[in-house]
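Okay, structure first, notes after.
Derivation of every value follows stated rules applied to the coordinates shown; laboratory data play no part. Fair warning: this is a prediction, and the values are worked out from it, not measured in the lab. Please note: Cβ atoms are built from the backbone with ideal geometry, for glycine as well, and neighbour counts cover all protein chains shown.
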Amino acid sequence: MNNGFNQKIIWITGASSGIGEALAYAFSFRGASLILSGRRTAELERVQLSCRYPDQVKILPLDLSEIASLENKTAEAIQCFGQIDILIHNGGISQRSLVIETPMEVHRKVMEVDYFSYVAISKAILPHFLSRKAGHFVVTSSVMGKIGTPMRSAYAAAKHALHGFFDCLRAEVSSHNIKVTILTPGYIKTNVALNAITKDGSSLGKQSQNIAKGLTPGKAAVQILKAISRGSYETYIGKFGGEKISLWIMRFAPGILIKKAPSFGPK
């Protein structure tokens, strides 16, 4: 099989559903060997068995909120096949509550999962990439990593932080043949809103209208593989529409977006 991912070893976090699951299928179809991570072992096993080459897929359960465990988990991931070529940071949680009603525990929980876990795993795998003089960090951020809308302060803050950290990391490691690609998905048809945590830490429990109409994870995976193949620094993933336009408005006329934010955000 002649493609850029054949025989590559790829570690995907958040691989039990949504974008991570779709990426597993797309990479397996192209002959890659995979390490799939997430909290739900049964769901990871389901994804493994649904891959084109399940014998080339390893399962490594982990919980991104358990930061102290991630250094050892990274060592286990490397041991699965002896090396890792591409790390895809994809696990995470979203949030839906106003700043005035969101307690610090919720802010800390979102930052631990969506930001500090990425930092911990990246620091743990970096010596491996440096020793091989090769490696690729792929980071699932969000449009919320570039703009802000109501009800998502903790989530947007964590995603903004990813851009700062990984832009700096890219500047440090590019001379070592190590790449960093930041993905900024718009509305993708996943359970991210359904599982978003609210002001008391419980799940929102309902789907977003905009997300329900979003790009399918399978189509998102196709866009992501193209971005990885190109070695893109940063790329939007999703349909051409309000989210992509909002990125341009935020860059050149942010006042317009702020006025529109109440209608754009919480749906």
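Under a Gaussian network description of the chain, with springs only between Cα atoms under 10 Å, the residue in Leu36, Leu49, Leu162 that fluctuates furthest is Leu49. The simple spin-label model puts a point 7 Å past each Cα toward its Cβ; for Phe81 and Met111 those points are separated by 3.5 nm. Take the Cα of Leu130, step 7 Å toward its Cβ, do the same at Phe29, and the gap between the two points is 3.8 nm.
Looking at this model, which pairs from Lys179/Lys239; Lys109/Lys199; Lys73/Lys146; Lys8/Lys123; Lys8/Lys219; Lys8/Lys213 are more than 23 angstrom apart at the alpha-carbon? Write out the running numbers ahead of the final one.
On the way: Lys179/Lys239 25 Å; Lys109/Lys199 12 Å; Lys73/Lys146 30 Å; Lys8/Lys123 21 Å; Lys8/Lys219 21 Å; Lys8/Lys213 33 Å.
Lys179/Lys239; Lys73/Lys146; Lys8/Lys213, as the Cα separations exceed 23 Å there.
Taking 18 Å as the straight-line reach from the Cα of Lys133, the aspartates and glutamates in range (excluding those fewer than 8 positions away in the same chain) are Asp85, Glu172. Note: relative contact order over the range 110-211, using C-alpha pairs below 8 Å and six or more positions apart, is 28 percent.
So what's the net charge close to Lys58: Lys and Arg +1, Asp and Glu -1, counting the other residues with Cβ under 12 Å from its Cβ? So the environment of Lys58 carries a net charge of -3.
Under 5 Å between amide hydrogens, built in the peptide plane, is the criterion, and for Val180 it picks out Phe137 among residues at least 5 positions away or on other chains.
Counting Lys and Arg as +1 and Asp and Glu as -1 over every other residue whose Cβ lies under 11 Å from the Cβ of Ala22, the net charge comes to +1. Which is the longest part of the chain that has none of the chymotrypsin sites (Phe, Trp or Tyr not before Pro) sitting in a DSSP loop with at most 16 other Cβ atoms within 10 Å? Maximal segment without exposed cleavage sites: 1-232.
Note on Gln7 and Ser202: with the Förster distance fixed at 41 Å, the Cβ-Cβ geometry gives a FRET efficiency of about 0.40. Full extension of the chain between Thr235 and Ser65 gives 58.5 nm of extra length, using 0.36 nm per residue less the Cα-Cα distance. With the contact rule set at Cα under 8 Å and sequence spacing of 6 or more, what percent relative contact order holds for the range 9-264? With pairs under 8 Å counted, the relative contact order is 18 percent. With a cut-off of 14 Å between beta carbons, the residues surrounding Asp200 carry a summed charge of +1, where Lys and Arg count +1 and Asp and Glu -1.
Taking amide H atoms as placed 1.01 Å from N in the peptide plane, the amide H of Ile35 lies under 5 Å from those of Ile10, Trp11, Ile12, Lys58, each 5 or more residues away in sequence or on another chain. Structure remark: mean-square fluctuation, Gaussian network model of the chain, C-alpha springs under 10 Å; the largest value among Ala42, Ala193, Ala157 belongs to Ala42. Candidate cross-link partners of Lys226 among the aspartates and glutamates, defined by an alpha-carbon separation under 13 Å and a same-chain spacing of 8 or more, comprise Glu234.
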